[in-house]
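Here's the structure we're looking at; comments come further down.
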Amino acid sequence: MGTISELILGRASGKPAAAGDFVIAKVDFAMSHDGTSVLAVKAFKEMRSEKVWDPSRIIIPFDHLAPANNENTALLQREIRQWAAEQGISHLYDVGEGVCHQLLSEKGFAMPGKVIVGADSHSCTYGAFGAFATGVGATDMAEIFTSGRLWFRVPETIRVTVDGDLPIGTASKDVILRVAKELRSDGATYKAIEFYGTTIGQMPVAGRMTLCNMVIEMGGKAGIVPPDRTTLEYLEGRAVEAFEPVYAGRDAVYCDELHLDVSGLQPQVACPPDVDNVVGVEEVEGTPVDQVLIGSCTNGRYEDLAAAAGILKGRTVKCRTLIVPASRNIMIRAIETGIATDLLKAGATICNPGCGPCLGGHLGVMAEGEACMATTNRNFKGRMGKGADVYLGSPLTAAATAINGRIADPRRYL
Amino acid sequence: MNFKGRVWVYGDNVDTDVIIPGKYLRSADFRVFAEHAMEGIDPQFRPEKGDIIVAGKNFGCGSSREQAPLAIKYAGIDCIIAKSFSRIFFRNAINVGLPIIEANVHDILHRGDVVEADLEGGFVVAHGEKYPGTKLPGFLKEILDAGGLVAYRRDGK
């Protein structure tokens, strides 16, 4: 027995694994996007590898700079498309399909008990479905493309228990920002986190994805929610293959435990330039912002857009407000249910599904001295533009901020 | 593997966005990354070949971009000494053949001081004093010795 990470990595490496062991594990699914595929394919070719280990287990979404922002990006993207075609990789999701982490979940690749590795740090998102999922760099991805395997140090695990009903005006984003405040930005380095408690049990898949997505912001290797009925219902008719859920043993050893009662939680804001620089919204209320961004792999799901629309409907934004749905399906649903109209009438701009300006590449890069309230995952110095500040909050906090042009408490509008 | 060089000193949580801002990532030319290395935190960063970066905890936190260790390596840095590294940066550095060692010396060094790092011995020497560092497991050392994972693979290992 052991933690979920120990058991999944043990199964994938063919022998029992304990925290601290080095194992070579079989990878079930590998993902690299337009940003990381360039170097991954280069390394793959330099390794003199010819054919990928299994083209049906490789997923390549175009999301980071899609559609291409200039000729050089366009050329590099064409090379990725050509290489994928040569290799027979059919799971290529081109411009407009959405953010990689949303797509792997929606398309049923993120499943309990699987080992999923992505050439993107937020690949830990798939832990929301009970997978062991982690991010690596391009050369590691080339190794997986070649052999379907990768070395791992089996991580110790922190057990995080979150209990209590989330108060009105708060969301899973506030929970994970609160956890980041406790664990600090390096508090889970080399480690995994398992999430338990009544709050998590009641949380829909969308919220669990937000939680697991941000585990990397504490340095975490994986963030895992044990699969339950919510997970299985989501995967019904969606999972691309059979799967076997993995649960921690009763004797599992945890290196640390954190217990939070969120029944009194207020909306949280991470102030620049660190994700663990977290305060209650009241402390920064009134701070002027130039832009609001609602989207990304962290908070660009239908539930997030609907939450924002709940506040924005019938009101008018006072600053540039960008909405970036995390996938085509989410965008279609937002149009069909009418919330897209509510957002547009409020003065927001809806961009194409993808990463948007989260990493400062395009579609809303900011000027020196400007500030943004974003539902994304990083507020590092210069991330969305040199000299610009990024505040992180929930879609509710972002929407309340949009109609004020200043950071605002969403509870005033609910 | 021994290194001796002048140091560039930074604090905690040096993230990948300041090591190489996102706007420079769309290239396959390593010189582009090297030109903009550390731009987000230190516009004066102009190392000479053989220089060493010394930093606090959680060096390289953030994105999985391998351009971060590549930028530092091709800027001329021979080795990074940090109190700790983020997990993905740690893997990426080994994979691109950039030597790293964990040791806690950033508080006692200033830009331009000279430091020595001994990766086999697992220690660092600063101002004549020896400070303990971590040793890499054997197979990671082999990847580093080969010059990175691509070379290691190509050599048929």
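Coordinate-derived values only; no laboratory data. Predicted model, so just to flag it, every value in this text is computed and none were measured. Don't worry about glycine lacking a Cβ; one is built from the backbone with ideal geometry, like all the others, and counts go over all protein chains shown.
Using just its DSSP H runs of length 4 or more, each adding -39500 (n - 2.57), chain A gives a mean residue ellipticity at 222 nm of -9000 deg cm²/dmol after division by all residues. The mean number of partner chain beta-carbon atoms within 10 angstrom of a residue's beta-carbon across peptide B:84-93 is 6. A:SER56 label point, 7 Å along Cα→Cβ, cut-off 18 Å on backbone N: hits in the stretch A:98-113? Under 18 Å, as judged by backbone N against the label point of A:SER56, lie A:107-111 of the stretch A:98-113. For the residues A:ASP251, A:ASP276, A:ASP34, a GNM of chain A with alpha-carbon springs under 10 Å puts the largest fluctuation on A:ASP251. Here's the list of lysines a cross-link from A:LYS318 could span, going by alpha-carbon distance under 22 Å and ignoring same-chain residues fewer than 8 apart: A:LYS345.
For the stretch B:14-157, the relative contact order works out to 20 percent when only alpha carbon pairs closer than 8 Å and six or more residues apart are counted. Comparing mean-square fluctuations of A:THR397, A:THR170, A:THR146 from a GNM of chain A with C-alpha springs under 10 Å, the top value falls on A:THR146. Under the combined filter of DSSP loop state and at most 15 neighbouring Cβ atoms within 10 Å, the stretch A:311-414 retains these GluC sites (Glu not before Pro): A:GLU368. Take every Cα pair under 8 Å whose residues are at least 6 apart in sequence, average their separation, divide by the length of the stretch A:4-259, and the relative contact order is 24 percent. What residue among A:ALA40, A:ALA248, A:ALA402 shows peak mean-square fluctuation when chain A is described by a Gaussian network model with Cα springs under 10 Å? Greatest mean-square fluctuation among the candidates belongs to A:ALA248. Magnitude of the charge dipole for the stretch B:2-154, about its Cα centre and with charges confined to Cβ atoms of Lys, Arg (+1) and Asp, Glu (-1), is about 420 debye.
Computed about the Cα centre, the dipole magnitude for chain A is approximately 520 debye when only Lys and Arg (+1) and Asp and Glu (-1) carry charge, each at its Cβ.
Look at B:LYS4, A:LYS221, A:LYS181 and count the other Cβ atoms within 10 Å of each Cβ; fewest to most, that gives B:LYS4, A:LYS181, A:LYS221. The fewest-to-most ranking of A:ASP28, A:ASP94, B:ASP107 by surrounding Cβ atoms within 10 Å reads B:ASP107, A:ASP94, A:ASP28. What is chain B by shape, rounded, prolate or oblate, if you read a ≥ b ≥ c off the alpha carbon gyration tensor as root eigenvalues and call it rounded for a/c under 1.5, prolate for a/b larger than b/c, and oblate otherwise? Taking the square roots of the gyration eigenvalues as a ≥ b ≥ c, chain B is oblate. Scanning chain B for GluC sites (Glu not before Pro) in DSSP loops with at most 14 neighbouring Cβ atoms within 10 Å leaves B:49-119 as the longest stretch between them.
Distance distribution note for the stretch A:271-413: the fraction of Cα pairs above 26 angstrom is 14%. Centroid-to-centroid, using Cα positions, the stretch B:13-64 and the stretch A:47-112 are 26 Å apart. Using the Cα coordinates of the protein assembly as shown, the gyration tensor eigenvalues translate into equivalent-ellipsoid semi-axes of 35, 27, 24 Å, sorted from longest to shortest.
Residue exposure proxy: B:MET38, A:MET373, ordered by other Cβ atoms within 10 angstrom of their Cβ from fewest to most, comes out as B:MET38, A:MET373. For A:LEU150, the amide hydrogen comes within under 5 Å of the amide hydrogens of A:ALA25, A:VAL27, counting only partners 5 or more places away or on other chains and with H modelled in the peptide plane.
With a simple spin-label model that places each label point 7 Å from the Cα along the Cα-to-Cβ direction, the separation between B:ARG111 and A:GLU71 comes to 3.8 nm.
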